[in-house]
Amino acid sequence: MKLVAPSILAANFNHLGDVIEMLNNSEADLIHCDIMDGVFVPNISFGLPIVEHVHQIARKPLDVHLMIIDPDRYIDDFCKAGASSITVHYEACTHLHRTIQQIHELGIKASVCLNPHTAVALLGDIIEDVDMVLLMSVNPGFGGQKFIENTYRKVGQLKELIIQRNSKALIEVDGGVNLQTGENLYKEGADVLVAGNFVFNSQNPLETIAALKRL
Ligand code: DX5
Ligand code: ZN
């Protein structure tokens with residue numbers, strides 16, 4: 001599968017309505033929302049009110065990436081705000097299996113994210129329970145960082161694990177995605193590419209999204 005999820009973190013929030021309308025009319029498959037708490041990651045982004053407003057006008061599913069500690073406390077709220085899928089960090093969940101169940105009980109998709117240093121092998125006992133795995137290809141917290149090359153290897157390992165265990169999980173990659181890294185990632189077996197700066201700092205975001213879809 002080749003899906004594209006633009007991250008609105010890199011968008012101009014003075015024109016958020018226009019940005020969402022552009023995404024509605026684009027070939028984007030998902031709208032990626034990066035939620036940062038200033039504790040799990042060294043940055044604060046946006047929270048529930050923005051997700052609610054985006055949801056009011058978005059005609060694409062909201063892919064909510066929680067870079068927060070203790071995500072269990074906010075899963076209900078982000079679901080009510082309009083998330084179609086919620087991604088929690090492996091590193092932020094003491095009882096990951098329970099957290100995944102909690103998300104599924106709300107009738108939405110559940111995904112787990114690995115930081116660049118976290119080994120794919122650690123997913124062995126959860127891979128059958130998740131709808132998606134998000135591999136960070138930068139250290140989370142900021143857009144516009146350089147892609148970490150080791151991610152390619154991790155995508156390959158994850159693909160192998162998914163096939164071996166007959167899991168339905170999609171592979172999403174987040175950070176430093178452009179046409180070059182994107183092409184390599186799809187080749188390794190990625191299903192969903194998140195792109196922030198590459199889309200929103202381009203001359204023509206609509207065209208850039210289309211180009212990522214064509215890879
Ligand atoms: C990083 C976020 C990413 C980020 C990607 O912490 O999770 O979604 O916005 O931005 P780019 O595509 O600019 O690297
Ligand atoms: Zn993200």
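Just checking: which of the strands (runs of 3 or more DSSP E) contained wholly in region 129-209 hold 2 or more residues that are touching a His at 6+ places or on another chain (Cβ under 9 Å) and basic (Lys, Arg)?
Details: elements: 132-136, 170-174, 192-195.
Filter on region 129-209 gives an empty set.
Looking only at region 141-170, which residues are more than 16 Å from Cys33 (Cα to Cα), in contact with a strand residue (DSSP E or B) (Cβ under 7 Å, 6 or more places away or on another chain) and within 15 Å of ligand 1 (Cβ to nearest atom)?
The one that is more than 16 Å from Cys33 (Cα to Cα), in contact with a strand residue (DSSP E or B) (Cβ under 7 Å, 6 or more places away or on another chain) and within 15 Å of ligand 1 (Cβ to nearest atom): Thr151.
Out of Lys187, Lys154, which single residue is open to solvent by 10 Å² or more (accessible area, probe 1.4 Å), free of Cβ contacts under 8 Å to residues at least 24 places away in the same chain and charged (D, E, K, R)? Even if it seems obvious, please write down each step before you answer.
Values: Lys154 fails: free of Cβ contacts under 8 Å to residues at least 24 places away in the same chain.
Result of the check over Lys187, Lys154: Lys187.
Between a first residue in region 190-215 that is among the small types (Gly, Ala, Ser) and a second residue that is open to solvent by 30 Å² or more (accessible area, probe 1.4 Å) and not in a strand (DSSP E or B), which pairs have beta carbons less than 8 Å apart while being 6 or more apart in sequence or on different chains?
Ala195/Asn178; Gly196/Leu9; Gly196/Gly143; Gly196/Gly144; Ala210/Glu27; Ala211/Leu179
In region 43-71, which residues are surrounded by fewer than 17 Cβ atoms within 10 Å (Cβ to Cβ) and either over 23 Å from Val192 (Cβ atoms) or touching a Pro at 6+ places or on another chain (Cβ under 7 Å) (or both)?
Ile44, Leu48, Pro49, Glu52, His53, Gln56, Ile69, Asp70
Determine which member of the set Lys159, Lys187 is over 22 Å from Ala28 (Cβ atoms) and modelled with pLDDT of 95 or more.
Details: Lys187 fails: over 22 Å from Ala28 (Cβ atoms).
From the options Lys159, Lys187, the qualifying one is Lys159.
Search region 77-90 for residues being open to solvent by less than 70 Å² (accessible area, probe 1.4 Å) and without any contact (Cβ under 8 Å) to a residue 40 or more places away in the chain, and hand back the single one that is nearest to Met22 (Cα to Cα). Break it down stepwise before answering.
First, pick out the residues of region 77-90 that are open to solvent by less than 70 Å² (accessible area, probe 1.4 Å): 77-79, 81-90.
Among the residues that remain, those that are also without any contact (Cβ under 8 Å) to a residue 40 or more places away in the chain are: 77, 79, 81-82, 86, 88, 90.
Values: Asp77: 26, Cys79: 24, Ala81: 21, Gly82: 19, Ile86: 23, Val88: 27, Tyr90: 33 Å.
Per the criteria, the residue is Gly82.
The values are calculated or read from the model by the stated rules, or taken from the named source; none is laboratory data. This is a predicted model, so every value here is computed, not measured. Every residue, glycine among them, receives a Cβ derived from its backbone with ideal geometry; neighbour counts consider all protein chains shown. For accessibility, only protein heavy atoms count, side chains too; no ligands or nucleic acids. Shrake-Rupley method; radii C 1.70, N 1.55, O 1.52, S 1.80 Å.
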